[in-house]
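**Q** Here it is, the structure in full.
The values are calculated or read from the model by the stated rules, or taken from the named source; none is laboratory data. Since the model is a prediction, treat every value here as computed from it, not as a measurement. Cβ coordinates were reconstructed from backbone atoms using ideal geometry, including for glycine residues, and neighbour counts include every protein chain displayed. Note: areas computed on protein heavy atoms with side chains; ligands, DNA, RNA excluded. Shrake-Rupley method; radii C 1.70, N 1.55, O 1.52, S 1.80 Å.
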Amino acid sequence: MDLAVKTQMRLSNTFMRQSTFITTKRARAVLFFLYLSLSTGLIPSFIFAEGTDTASASVEDAITPSETSSRNGKKNTQYQETSLSEELVTEAIWFGLEGEVTIATRHKAPISKAPSIVTVITAEEIKNLGYRTFVEVLRTVPGFEIAKGGIFGTTLPNARGLDFAGQIRLMIDGHLVNNPFRGDAFTNFDNFPVENIKRIEIIRGPGSAVYGENAFSAVINIITFDAKDINGVRVSSGYGSFETYDENVVFGQSCGKVDISGIAHYRQTVGFDGIVESDFQTINDKILSPFGFPAVSEAPGPVQDWGQEYDLNLKAVYKDFYVEGFYMNKNCGPFIGIQSALNDESDIENNYVFVEAGYKKTLNENFGLKPRIYYDQFDINLLFEALPEGATITNTSGILQTHPDGLISNNGVTEKVVGTEIPFDYKVFDGNVITLGLEYRLINQTNVRNSSNFDPITLDTLEGMQDFSDTKPFIKEVTRRIESVYLQDTWDITDTINLALGIRYDHYSDFGGALSPRAGLTWAFIKNASLKLLYGEAFRAPSFQEMHTTNQPAIQGNPDLDPETIRTYEAGLSYQFNKYITSSINYFYNNVEDIIGLGVIDIERNTRRFENEKSAHVQGIEMETKVKIMKDNYVFMNYTFQNPEDNHGDDLPFVAQHKGNFGINVHYWKYINTNLSTFVSGRRSRDRTDERETRDDLPAYALLNLSIIGKEFFKTMEVQGTVFNLLDKDYSDPGSVSIPDDLPRPGRTYFVGLSYKF
C-alpha cells in the first residue's frame, strides 16, 4: 500500500479515536483541520512532542513510532497515541477552545458557560510572573488591589471597590478557611506558598447562592497539586531582600492505589524596615510636654514587619475517597500597632489546622454525590504593646497615669469548627443538571485568655501582668450553629444559550437567616463571542469580634448586628478575534446594605461600637485582553474603572477609581523565560475621619516587576530571579489619622530561588 494512503488511514483512525475525547462541534472542526494539515504535510513541526527530532520527523514518525527507529536506533515507545492526543488537545486550545472551571457551579463547566465572571490563573503563569505569595498574584486580577494594614500587619484586599477582607471567601481545594473570629482569611493565608498552587479560580462578584457566608465581593479557590501533577519530589530554596528565606518541599507519588501529595514550607524574614516619622504617641507626647512629661514615642522608627511561618499540607486519595489535612503556624509583627503607636514587643501568633474527609461517587450516569466532613481549629495569641514604655494616659476617671513598662496585653482565643456537607447532582436530561446540597456547621469560640499590666476597664496601672480571663475577658465565649440548604439548576437550553438558577438559605443561631438567590444567562450569539447577564445576592455574617467584643474601654461588640448584604447586576461580553487575541468587557453594579463599621457612642470617652452604619453602591467596568503569540509567549492587560460611593454621596475610602495591569512574557530561548509586568493604581480618597485633617488623597502609583527564569540547563534544575518595584517607586498605603505620612511600602527588592525535581 502506498505510504501516503497508509498514513492517511492511520490519521483517520486516530482522528476518530481522539474525537471521542472532545465532544463540541468546534473542537472536532479544529481536529479535522489538524487531520487535513497532517495528511497534506502542511502541519508545522513545532507541534510534535518535546524530545522528538522535529527537524527531520515525518508524519509517519509521529503517528507510528513503534514502526520506526528513534535517534538511538531503538523503538521509540514513549511517544504513543496519548502524546498525540495531548498535542491535538493543546492545539485545539490554541485555536480558541476554553478550559473548564468548577468554582461557579461546583461541577465542571466551560468558562464561557459559567454563570459568573471568572478568572483562572495557572501555575505556569504564576511561575512566569515570579511572585512569591498568593496575594501578590491577586494584584494581577481585574478589580483587585492589595494594601497593608497598620494594626495587625495583615493584607487588606480590595475587590470591586469594597476593601474588607471578610467580604472575600477563600477556599483551599474547596475548603473554607475564613476565620470566624475576624471573618477574613488573609491574616493566615496572605503568604500561602505559590509552589503548591496548581491553579487559582476566582469569581469576581457574589457567590453566596452556592457557598453561603463571606462569598460577598469575590470567591477564591486555591487548587493544590495532586500526586499525578508532581510525580516525584521538587525541592526549592530562595533568598531575598530583608533577609527573607523561603524553603519548600513539594511531593507527590502513587503508592499502589493510593495517591499521596503535599508540601512542607518554611518562610522567615526580618521584614521591611520602612520609617514612620510620627505616630499616635508622638501626638500624645506633644500634648503632655507642657506638663513636664518626657517624650517616649519610638517615632521616627521602623515598622515591625518581621514574620516566620511553617506550613504543612497532605492529601491522600484512594479510589473515590480522599483525606486532606493542613497545618499552619505563623508569627508576625504588627507593622505599626493596635493604637497606631510604634512598639517593639508585640507578637501576633496564629495556629490553624483543618482535616477533611470526603467521598466522590457517580452512582450511575445520572446521579452523583460528594459527602464530606471536616474539622477546623484556629488558635490566636495576641501579645500587644499598645503604647511604649513610659507612656502616660488618662484613665477613665480623668487621672493621668504613667505606665513604666508600657501598656501590654496578652490575649488569646480558640475557634473550633465541625461541619458536614452533602451535595447531590442529578442529570435530568442531557444539558440539565440539578444540584441539591445540605450543610451543617457548629462553631465554638472558647478558651478565651486575657492578661495585662493595666485594668482593661479603668486603664489603671497594675504591678506586673494580671489574669482577667475569668473576670474581664476581652471577648465572650459563644456558640454558633449554621444550617444551610441550596438548590441549583444549570440548563443548556440550546447549543448557544445556557441558563443557571440557584438559591440558598442559611440559618444562623445567633442572628437569624439569610436568603441568597442568583440567575445567570449566557448566550453565544455569534461565533467566538459570548454574552453573560447575571444577577446575584450575597451576605457577610457578622464576625465574633464584631458581635462579642467586651470589657474594652474603646470598642464594644454588638450582638444585635445584621449581616451585610449585596445585590449585584453584571453584564459580560467576551470575544475571540482570532486564534491569538481574546478580549472581554464586564459591567457591574453593586448595591450594598448594612455595612458594619465603628460608630461613636460616647464622644467624651471616644467609645465606639460596631454598628450597621451605612450603605453604598459601586458601579464599574472591567476590560481585559490576552494575546497569545505562540507557546509561552504572550501579552496580557486589564483595566478597571469603578465608582464607589456611600449613602452620603462620598467616595468610599482607600479605593482607586482606576487600576490596571500590563504584562509580557517572552520565552525566546529554550533555557530562558523573561516576564515584565506592571501594576498601576489611581488616586485613592481618604476616610471621613480625615475630614478635619489637611492630608491630600493618596496619589497614583505604578509598580514594575521583572522576572527571569533559567530552566532545563541541567536536568530539572531551575533558577529564578525577580526584581519587584524595579523603578524604586516611592508609595504608601493608607494610614490612620495618627500616622500622617501613611504606611511606607518597600522600594526596589529582589528574590532569587533555585529548584530541582527528583
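**Q** Would you pull out the residues with amide H under 5 Å of SER346's amide H, same chain only if 5 or more places away, H placed 1.01 Å from N?
**A** GLU385
**Q** Where in the range 254-283 is the amide nitrogen less than 18 Å from a point lying 7 Å along the Cα-to-Cβ axis of ASP344?
**A** From the range 254-283, the list is 270-282.
**Q** Of VAL618, ILE581, GLY597, which is farthest on the positive side of the dipole of the range 575-628, counting Cα position, with +1 on Lys and Arg Cβ, -1 on Asp and Glu Cβ, and the Cα centre as origin?
**A** Selected residue: ILE581.
**Q** When the accessible area of the chain is split by element with a 1.4 Å probe, what percent falls to carbon and sulfur?
**A** C and S fraction of accessible area: 57 percent.
**Q** Moving to a separate point now. For a protection proxy built on the mean count of beta-carbon atoms within 10 angstrom, sort 637-645, 164-172, 267-275, 465-473 highest first, please. Display every interim value, and only then the final one.
**A** Values: 637-645: 19.6, 164-172: 23.7, 267-275: 17.0, 465-473: 14.3.
Sorting 637-645, 164-172, 267-275, 465-473 by mean packing, highest first, produces 164-172, 637-645, 267-275, 465-473.
**Q** For ASP560 and MET465, what does the FRET efficiency come to when R0 = 25 Å and r is the distance between their Cβ atoms, rounded to the nearest 0.05?
**A** Efficiency computed from Cβ-Cβ geometry: 0.15.
**Q** I would also like to ask the following. What order do you get for 647-655, 115-123 when each peptide is scored by the mean count of other beta carbon atoms within 10 Å, highest first?
**A** On the way: 647-655: 16.3, 115-123: 21.7.
With the highest mean Cβ count within 10 Å placed first, the list reads 115-123, 647-655.
**Q** Also: Could you list, bin by bin from short to long, the percent of Cα-Cα pairs of the range 120-170 in 10 Å steps?
**A** Reading the bins upward from 0: 23, 51, 24, 1.
**Q** A further question follows. Test of understanding: what is the full-extension gain from LYS476 to ASN591, defined as 0.36 nm times their sequence separation minus their Cα-Cα distance?
**A** Values: separation 115, 0.36 × 115 = 41.40 nm, distance 3.25 nm.
Going from the current span to full extension adds 38.2 nm.
**Q** Evaluate the distance, in nm, between pseudo-label points positioned 7 Å from the Cα of GLN268 and of TYR245 along their respective Cα→Cβ axes.
**A** 0.4
**Q** Which entry is the computed Cα extents along the principal axes in Å for this structure: (1) 107, 53, 50; (2) 117, 101, 67; (3) 88, 83, 54?
**A** (1)
**Q** Counting Lys +1, Arg +1, Asp -1, Glu -1, what net charge surrounds LEU533 among other residues with beta carbon under 15 Å of its beta carbon?
**A** +3
**Q** Fully extended, how many nm does the chain gain between ILE151 and TYR756 (0.36 nm per residue separation, minus their Cα-Cα distance)? Display every interim value, and only then the final one.
**A** Values: separation 605, 0.36 × 605 = 217.80 nm, distance 3.88 nm.
Extra length available between ILE151 and TYR756 comes to 213.9 nm.
**Q** Local charge sum around ILE443 (other residues, Cβ-Cβ under 10 Å, Lys/Arg +1, Asp/Glu -1)?
**A** Neighbourhood net charge equals +1.
**Q** Rank these by accessible area, largest first, 1.4 Å probe: TYR374, TYR569.
**A** TYR569, TYR374
**Q** Next up: If I histogram all Cα-Cα distances within the range 269-323 using bins 5 Å wide from 0, what percent of pairs lands in each bin?
**A** 4, 14, 14, 11, 9, 8, 7, 6, 6, 5, 5, 5, 4, 2, 1, 0
**Q** Above 17 angstrom, tally the Cα pairs of the range 232-278 and express them as a % of all pairs, no decimals.
**A** Of all Cα-Cα distances in the range 232-278, 54 percent exceed 17 Å.
**Q** Going by amide H atoms built from the backbone, whose H comes under 5 Å of the H on SER509, apart from near neighbours?
**A** For SER509, whose amide H was placed from the backbone, the distant partners under 5 Å are ARG481.
**Q** I would also like to ask the following. Compute the label zone of SER254 within the range 299-331: residues whose backbone N is under 18 Å from the point 7 Å along Cα-to-Cβ.
**A** Flagged as within label range: 315-323.
**Q** Using a simple charge model, +1 on the beta-carbon of Lys and Arg, -1 on the beta-carbon of Asp and Glu, nothing else, what dipole does the chain show about its Cα centre, in debye to the nearest 20?
**A** Values: 70 positive and 99 negative charges, 724 e Å.
With only Lys, Arg, Asp and Glu charged at Cβ, the dipole is about 3480 debye.
**Q** With r defined as the distance between the Cβ atoms of SER583 and ILE275 and R0 fixed at 60 Å, what FRET efficiency is calculated, to the nearest 0.05?
**A** Once the sixth-power term is evaluated, E becomes 0.85.
**Q** Here is a further query. With a 1.4 Å probe and all protein chains left in place, how much accessible area per residue does the chain have, in Å²?
**A** Numbers: 33660 Å² over 758 residues.
Per residue, the chain has 44 Å² of solvent-accessible surface.
**Q** Another question, then. So, in nm, how far is label VAL666 from label ILE434 when the simple model puts each one 7 Å beyond its Cα toward the Cβ?
**A** 5.7
**Q** Continuing with this model, one more query. Say R0 is 45 Å: what FRET efficiency, to the nearest 0.05, do LEU706 and ASN381 get from their beta-carbon distance?
**A** On the way: r = 39 Å, r/R0 = 0.86.
Computed FRET efficiency for LEU706 and ASN381 comes out at 0.70.
**Q** Pull out the extension gain between ARG608 and VAL719, defined as 0.36 nm times the separation in residues minus the alpha carbon to alpha carbon distance; nm, one decimal.
**A** Gain in length upon complete extension: 34.8 nm.
**Q** For the chain, what is the mean residue ellipticity at 222 nm derived from helices alone (per DSSP H run of n ≥ 4: -39500 (n - 2.57); sum divided by total residues; nearest 500 deg cm²/dmol)?
**A** That calculation yields -3000 deg cm²/dmol at 222 nm.
**Q** Among ILE434, GLN268, GLY161, whose Cα sits farthest toward the positive end of the charge dipole of the chain (+1 at Cβ of Lys/Arg, -1 at Cβ of Asp/Glu, about the Cα centre)?
**A** ILE434
**Q** Suppose each label sits 7 Å from its Cα in the direction of the beta carbon; what would the PHE641-ASP687 distance come out to in nanometres?
**A** 3.0
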